[in-house]
Amino acid sequence: MTTRSANLNAKPSVQSLGPGTSRGTPGLVTQTVQGRPFRPCADCTCSPGLLSRQGRRSSLFLRRLENNRRRSSRDISTSLGGGSAQESVYSSDSLCQSAREVNTTERLLALRREMVKYGLCCYIVPSEDEHQSEYVSAADQRRAFISGFNGSAGIACITRDLLNFNTEQPEGKSILSTDGRYFNQASQELDYNWSLVRQGEDPFTWQDWCIREAAEMSRGLGGKTVKVGVDPRLVSHELVVAFNSLIIQNAGEGANVELVPVEKNLIDIIWPQFERPPQKDLRSVVLLSADHSGESFKSKRTKLQKYLSKSYRNTGPLAIVALDEICWLFNLRGSDISYNPVFFAYAILDAESVSLFTDNPLPSEVQRYCAENEVQLEPYDQFWNRLSGKSQKLGEQQKFLIPDNASWQLVRHVHSSYKSVHSPVDIFKSVKNETEVRNARRAQVKDGVSLTQYFAWLEDQLVNRGALIDEYKAAQKLKEIRRTQKNYMGDSFETISSTGANAAVIHYAPPREGSSMINPDRVYLCDSGAQYLEGTTDITRTVHHGNPSQEQKDRYTLVLKGHLALERLVFPEGTTGFHIDSIARQPLWSHGLDYRHGTGHGIGSFLNVHEGPVGIGLRPLLLKHPLQSGNIVSNEPGYYKDGEYGLRIESDMLVTHSGLKFGEKRFLQFENLTLVPYCRKLINVKMLTTEERQQINDYHARIWSSIVPFTQPQSITYKWLKRETSEL
């Protein structure tokens, strides 16, 4: 860790840190592809990681050869010279392809020229949109544009050297900070202009880095005030308060550093210089029926108003900014962000009225619904006028209630005194009612049927037919299967269909062009989910179609043991996901192993697949929100061996009452809703206790009885399901 970060202050250049070299910068892209040294082509602008992702395509000759041969894919790779897995028909090519990912050099130069105009020494580019969404529309993917990193979480920081007075060719540094889910992916996607800061592993944060860089420039200019800029719509007010505190603590003597709002987004200014920027596609809003929501808008509004009146004295209006909270409260859904059934809107609710601010098309049915429920419909931008007091009248003692995830810009616009609160809508939404729970079970049956059909089809194609199927086409086949289910509304996130070493990239997404061929002799990990009107799913299963190594079996079984232990857990009310995260990790920890992501996250009800505020992991925020009966959370321990394979098992669990009490304290437990078998080939039965073996057998028996009615007795799905659910 120390050696990786020792040289962060050394300014990288195209010459010194281009392909083929690596300095001491933390997380700087290592110049290897598929674990082998990388030799770039002449004048190559590709990062080797990007090449490895985009250049995965076996030759057309081998594809045609496969169509004419009725032999196994392993025979093909052997007959074509060399049994090495890296040289087989399934391996990724490491040569430069004509279709290259963009080099960020010119983009960074253009950005720094804009920074000159605004007098900035550093510019921060967050991942979020103005609603602080985790997943954002294409138009809001500014961080991906400037850095090349496409993960959902991370923040980019770009400096401009104020001691270099060449305003036409300003120089500086750039870092990308992300969490453990994306270390591998970021290393592959970032080009040589960027250094990777690994959250939780490197001895400093992106905030530390920005302040240190700015402070050094300030001292170099004799204590002149230097500015760190950010679009105030894209960062939370809480983050700004914390950043300003760090400036006071860490800038040091003789340095003056100021965080300033830059309301005109600098990425938006330069984007048209390189490509046509995506536009927000505001799509029609739909009304969710009572059969799927389980509670009327009037009931939710009344409950919310009573809560606010009881919890806060002199209650003023509540601003609601999170898109999934708005959708849940109004029983409306949209499709403005891929995989997330939400639409762009704000809302303000007080004791007497509620307003919905949106520019999305509203069908007549939705307009009538809003009129009947006395919802005031206003244009999206009118929200800011309400905040600034132009049409909002408050009593002298009343405070505007602002959610703790509200943007800095929102707080800057509030005309009166305000109070920061955690949105009660977020908490209400996370506790599913009886209708939502019933529907969640129905959604899991649909997805269990779909995934059973998919895995049976994939095995038949790879093993029995010797077909060549790449990761992307396999993911498309899964979507095709899911489409046959009634009320399927789309996937809940981009399917992670990954073979071999790609499975070690925690949030890997196969490219449309150049995906790796799925190798039946290697681990295959599929993490996928669906949006049904009945609910949202998120399921991961790791399988092997050949002969897994003993190491793979043992480590899969350790992951499985943690998965089972968490599912068996009985715990008192008031317990948080922070407290129980170690239960899933213990089997791995006992062998000196671990994984770099949380163990579980909340799941919405035909809403976002990642839903707050509850989860299972080591994020401090989880300490504030105990698990409650009605929560649905994922259970997804894993293990990843970079460059070789990845293992993850993920099921969706419902928190329920166990029926046990100690005095007045009730105990909770989990119910596994997911209905997809574990991989028998990867289970080392000798490592299981009697209790664990019975738990698996009971689970598989439940899957069999739930899924077999939807299969044909002579089908490959039936045969696969029978084999995989048979007793251990």
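The values are calculated or read from the model by the stated rules, or taken from the named source; none is laboratory data. Fair warning: this is a prediction, and the values are worked out from it, not measured in the lab. Using ideal geometry, Cβ is built from the backbone for each residue, glycine included, and neighbour counts are taken over all protein chains shown.
Are there strands (runs of 3 or more DSSP E) fully within the stretch 516-633 with at least 1 residues that are outside the structural domain of residue 443 (by TED's automatic domain parsing)? List them.
Values: elements: 523-528, 530-532, 539-544, 570-572, 600-602, 611-616.
Here the list is empty.
Does the stretch 641-649 include one or more residues that are closer than 18 Å to residue 571 by Cβ and in the same structural domain as residue 568 (by TED's automatic domain parsing)?
No, every residue in the stretch 641-649 fails to be closer than 18 Å to residue 571 by Cβ and in the same structural domain as residue 568 (by TED's automatic domain parsing).
Which fully enclosed helices (runs of 4 or more DSSP H) of the stretch 371-484 have 3 or more residues being modelled with pLDDT of 95 or more, in contact with a helix residue (DSSP H, G or I) (Cβ under 7 Å, 6 or more places away or on another chain) and closer than 19 Å to residue 322 by Cβ?
Values: elements: 382-387, 408-413, 424-430, 434-459, 471-482.
Qualifying helices (runs of 4 or more DSSP H): 424-430.
Could you please find all residues in the stretch 526-584 being of a type in the set (A, V, I, L, M, F, W, C), within 17 Å of residue 668 (Cβ to Cβ) and surrounded by 24 or more Cβ atoms within 10 Å (Cβ to Cβ)? Give the steps one after another, and end with the answer.
Taking the stretch 526-584 as the starting set, the residues that turn out to be of a type in the set (A, V, I, L, M, F, W, C) are 526, 530, 533, 539, 543, 558-560, 564-566, 569-571, 578, 580, 583-584.
Filter again for within 17 Å of residue 668 (Cβ to Cβ), leaving 565-566, 569-571, 578, 580, 583-584.
Selection gives 566, 584.
Just to confirm my filter: which helices (runs of 4 or more DSSP H) fall fully inside the stretch 227-339 and include at least 1 residues that are of a type in the set (Phe, Trp, Tyr), in the same structural domain as residue 402 (by TED's automatic domain parsing) and in contact (Cβ under 8 Å) with a residue 12 or more places away in the chain? Steps first, please.
Working: elements: 237-250, 266-270, 290-293, 297-311, 323-330.
Counting at least 1 such residues, we get 297-311, 323-330.
Restricting attention to the stretch 628-639, report how many residues are buried (at least 19 other Cβ atoms within 10 Å of the Cβ) and in contact with a His (Cβ under 9 Å, 6 or more places away or on another chain).
Quick first cut of the stretch 628-639, residues buried (at least 19 other Cβ atoms within 10 Å of the Cβ) only: 631-639.
Still in the running and in contact with a His (Cβ under 9 Å, 6 or more places away or on another chain): 633-638.
Here the count works out to 6.
Which pairs turn up if I take residues in the stretch 525-549 that are under 15 Å from residue 448 (Cβ atoms) and free of Cβ contacts under 8 Å to residues at least 40 places away in the same chain and look for partners that are hydroxyl-bearing (Ser, Thr, Tyr) and crowded, with 24+ Cβ neighbours inside 10 Å with beta carbon separation below 6 Å, at least 6 apart in sequence or on another chain?
Correct list of pairs: empty, since none qualify.
Return the residues of the stretch 275-291 that are under 19 Å from residue 327 (Cβ atoms), touching a helix residue (DSSP H, G or I) at 6+ places or on another chain (Cβ under 6 Å) and not β-branched (Val, Ile, Thr); say none if nothing qualifies. If you could, list the steps in order and put the result at the bottom.
Filtering the stretch 275-291 for residues under 19 Å from residue 327 (Cβ atoms) gives 280-291.
Still in the list and also touching a helix residue (DSSP H, G or I) at 6+ places or on another chain (Cβ under 6 Å): 280, 285, 287.
280, 287 - these are the residues of the stretch 275-291 that are under 19 Å from residue 327 (Cβ atoms), touching a helix residue (DSSP H, G or I) at 6+ places or on another chain (Cβ under 6 Å) and not β-branched (Val, Ile, Thr).
I want to confirm something. Restricting to the stretch 511-525 and keeping residues that are at pLDDT 95 or above and of a type outside the set (Ser, Thr, Tyr), which single residue is surrounded by the fewest Cβ atoms within 10 Å (Cβ to Cβ)?
521
Matching residues to (1) part of a loop (DSSP other than H, G, I, E, B); (2) under 17 Å from the mean Cα position of the chain (by Cα); (3) modelled with pLDDT under 95; (4) not assigned by TED's automatic domain parsing to the domain that holds residue 381:
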residue	(1), (2), (3), (4)
108	no, no, no, yes
113	no, no, no, yes
123	no, no, no, yes
135	yes, yes, yes, yes
144	no, yes, no, yes
165	yes, no, yes, yes
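Could you pull out every one of the strands (runs of 3 or more DSSP E) wholly within the stretch 645-720 that has 1 or more residues that are out of contact with any Lys or Arg (no Cβ under 7 Å at 6 or more places or on another chain) and small (Gly, Ala, Ser)?
Numbers: elements: 645-648, 651-662, 665-672.
Ranges flagged: 645-648, 651-662.
Go through the stretch 659-710 and give me each residue that's loosely packed, with under 15 Cβ neighbours inside 10 Å, of a type in the set (A, V, I, L, M, F, W, C) and farther than 26 Å from residue 530 by Cα.
660, 662, 685
Pick out the one residue from 404, 350, 381 that is surrounded by fewer than 20 Cβ atoms within 10 Å (Cβ to Cβ) and either small (Gly, Ala, Ser) or touching a Pro at 6+ places or on another chain (Cβ under 8 Å) (or both).
Details: 404 fails: either small (Gly, Ala, Ser) or touching a Pro at 6+ places or on another chain (Cβ under 8 Å) (or both); 381 fails: either small (Gly, Ala, Ser) or touching a Pro at 6+ places or on another chain (Cβ under 8 Å) (or both).
350 is the lone residue from the list that is surrounded by fewer than 20 Cβ atoms within 10 Å (Cβ to Cβ) and either small (Gly, Ala, Ser) or touching a Pro at 6+ places or on another chain (Cβ under 8 Å) (or both).
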